[in-house]
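Novice: One structure, as structure tokens, below. Some questions next.
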């Protein structure tokens, strides 16, 4: 693994299948590979049902992967015993989408934030309380909030509590699963600013899962686009937006409404046909071919592999790579 | 253009255990034939309560509509209508599509029958004819294999298909007004684009007037003819699309537009954000509701509510900055600009 020294998180051919009625398999994540450097943010985008949240949860260890490697800081966490895993997962935390559902309504803010510290037996009661106060300050709340319950807070404040909770055990890697999609525009910016500030101060590594591309663009160094359990394109943020290669990425970008009437009037958006196929019976070959306007017979036969177009720009599409 | 809906001094309170929440505070506006009017604002600003009151869908036990309020449609005050008269308008003349199609559809009823239902109520038609018409409607909204799908239940539909079914139900009786309350918030962007295009095409074909309730400025930019911005139960600025996007006057409208990340902005730089949260409508502030969060707040703003200032025939704003004695400001930069620079 010596050539991967700068790849803090390395996911190789990760698969997560769920068994559904009878012998059928739902291929939620079907062989994705990517890396994240230390201190970097990788955005993972795609429509609902594409497997992005399952991927995040599997990397965190909430699901057992069907196949594949998850190497974090040089260690394959799929091979750890449960005891080692508990120790190791201190390095990974998650921030969830819905700040209303992810906080136990019967616990005080201070208990919620300190829960991880208690589980990992970090510090006495006093030091824990001091830590809770520090964390509240760090996320822009104050220590008077510690004894209150989640229902006394607004959505944005709850998400701050969720962030403080994730930061309590000093993780190095945070998976943010749609952390702002439940919030209002004006509050979204506050939370994104906080995440950016914390990353700089604490040198955190983020996997930022979202479907809102404008926020993803702002926070990510690189972006991976997922479709039906597979990655179709990965590139650094500028290239992904300015030098888009995969037809799906193009359609996804053109579908985002822009807050500028003149732009919207001129825009010729690429309308995708139909909807996401089922991941129980995905189409043969390229899974996107059923909705792709450039699909040929070759697309039905062979599955396209992620191929490097430039140094840091990978795409899985026969139409793009056949020209090369 | 002809006015088809006229709302005057609409005030709605909710009685809760904590006290009276003043959800909508004395708003007036009109809707014209064949236009798309967008109502934008953050959650809790009263936009959904306003739209539901037009359909008289608010819970009568807790929601109190002030006696001076008027919602005039077709010469009659909707708020005063009873039983049969109300039924005649609801679903036939004014229809609504909701944010979450799964909870708005009946899970125990075939979709075809749900579309046929309103036709059976409002027109003299046999069941068979109504079902036939329902299938036609489902075809119109672009449901694949409509004949077969009409016999299926909502749980067999995807999110996008459910929203199409809801639109079919709403438009079955060719209403004069369609209220769309966050119609695509629960959907993915590619499906959202399909649904928005569908709504726009149908609107042009049927000449329906639409009230589009949303918090997404991107959708507003592509869809609306006129826009009303709501904050804390009041309309704080209104105007046609170009005015609100290119020449907004209210600091809250500026803030909303500035909160959207721009392409020109350096990545990972500080995004503009509005500090604080909207006021508690149990005790709405005496002066301007936005004063607490406003960068340009003056002493008068906390004391007295601002009056409406007319900017143009179509644009008006409620802000003390418009007063002749107020300091002349340069509007903040960063209001305009597309979010991503992908070539078209």
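Laboratory data are not the source of any read-out in this text; all were calculated from the coordinates shown. Because the structure is a prediction, the values reported are computed rather than measured. Here the Cβ positions follow ideal geometry from the backbone for every residue, glycine too, while neighbour counts run over all protein chains shown.
Novice: Stokes-Einstein at 10 °C, 1.306 mPa s, Kirkwood radius from Cα pairs: D for segment B:3-224 in µm² s⁻¹?
Specialist: It diffuses with D of about 88 µm²/s by this estimate.
Novice: Okay, moving on. Please say if segment A:118-190 is rounded, prolate or oblate, where rounded means a/c under 1.5 for a ≥ b ≥ c the square roots of the C-alpha gyration tensor eigenvalues, and otherwise the choice is prolate for a/b larger than b/c and oblate otherwise?
Specialist: Here segment A:118-190 falls in the oblate category.
Novice: Follow-up question, since we're still on this one. Mind checking the mean number of beta-carbon atoms from other chains within 10 Å of the Cβ atoms in A:272-279?
Specialist: That works out to 4 on average.
Novice: Taking the Cα atoms of the protein assembly as shown, report the difference between the largest and smallest coordinate on each principal axis, in whole Å and largest first.
Specialist: Reported extents, whole Å, longest axis first: 79, 63, 46.
Novice: Calculate the FRET efficiency for residue A:18 and residue A:273 from the Cβ-Cβ distance with a Förster distance of 25 Å, rounded to the nearest 0.05.
Specialist: Taking R0 as 25 Å, the efficiency between residue A:18 and residue A:273 is 0.40.
Novice: Let me ask another. Among DSSP bridges having both ends in the protein assembly as shown, what percentage is antiparallel? Round to the nearest 5.
Specialist: Taking every DSSP beta bridge with both residues in the protein assembly as shown, the antiparallel ones total about 60 percent.
Novice: Shifting gears a bit: Roughly how crowded by other chains is peptide B:192-204, in terms of the mean Cβ count from those chains within 10 Å of each of its Cβ atoms?
Specialist: Taking the mean over all residues of the peptide, I get 2.
Novice: May I pose another question? Which FRET efficiency value, to the nearest 0.05, do you get for residue B:124 and residue A:170 by plugging their Cβ-Cβ distance into 1/(1 + (r/R0)^6) with R0 = 56 Å?
Specialist: E(calc), rounded to 0.05, equals 0.20.
Novice: Can you pull the semi-axes for segment B:144-241, root of five times each eigenvalue of the Cα gyration tensor, sorted largest first, whole Å?
Specialist: Equivalent ellipsoid of segment B:144-241: 27, 15, 12 Å, largest first.
Novice: Per residue of chain A, what 222 nm ellipticity follows from adding -39500 (n - 2.57) for every DSSP H run with n ≥ 4, rounded to the nearest 500?
Specialist: Helices in chain A give a 222 nm mean residue ellipticity of -9500 deg cm²/dmol.
Novice: Within segment A:244-274, find all residues whose amide N lies under 15 Å from a label point positioned 7 Å from the Cα of residue A:310 along Cα-to-beta-carbon.
Specialist: Of the residues in segment A:244-274, A:244-246 have backbone N under 15 Å from the label point off residue A:310.
Novice: With r as the distance between the Cβ atoms of residue B:158 and residue A:63 and R0 = 22 Å, compute the FRET efficiency 1/(1 + (r/R0)^6) and round to 0.05.
Specialist: That pair, residue A:63 with residue B:158, gives E of 0.40.
Novice: Same structure, new question: Taking neighbour counts of Cβ atoms within 10 Å as a proxy for exposure, in what order, fewest first, do A:299, B:173, B:288 appear?
Specialist: Arranged by neighbour count, lowest to highest, A:299, B:173, B:288 become B:173, A:299, B:288.
Novice: Counting residues in segment A:250-324 as N, plug N into 2.2 N^0.38 Å and put the Cα Rg over that result.
Specialist: 1.32
Novice: Can you tell me, using C-alpha contacts under 8 Å and at least 6 residues apart, the relative contact order of chain A as a whole percent?
Specialist: 20
Novice: Arrange A:98, B:181, A:312 by Cβ neighbour counts within 10 Å, fewest through most, would you?
Specialist: Ordered by Cβ neighbours within 10 Å, fewest first: A:312, A:98, B:181.
Novice: Given Cα positions, please report Rg to Rh for segment A:73-203, the hydrodynamic radius being the Kirkwood one.
Specialist: Radius of gyration over Kirkwood radius for segment A:73-203 works out to 0.97.
Novice: Calculate for chain B the 222 nm mean residue ellipticity that helices alone would give, adding -39,500 (n - 2.57) per DSSP H run of length 4 or more and normalising by residue count, nearest 500 deg cm²/dmol.
Specialist: It comes out at -8500 deg cm²/dmol, rounded to the nearest 500.
Novice: Within 10 Å of each residue's Cβ, count the other Cβ atoms and sort A:227, B:246 from fewest upward.
Specialist: Fewest-to-most ranking of A:227, B:246: B:246, A:227.
Novice: A further question on this structure: Let me confirm one metric for peptide B:245-253, namely the mean number of other chain beta-carbon atoms within 10 Å of its residues' beta-carbons.
Specialist: 1
Novice: Stretch residue B:30-residue B:84 to full length: gain in nm at 0.36 nm per residue minus the Cα-Cα span?
Specialist: Additional length available on full extension: 16.9 nm.
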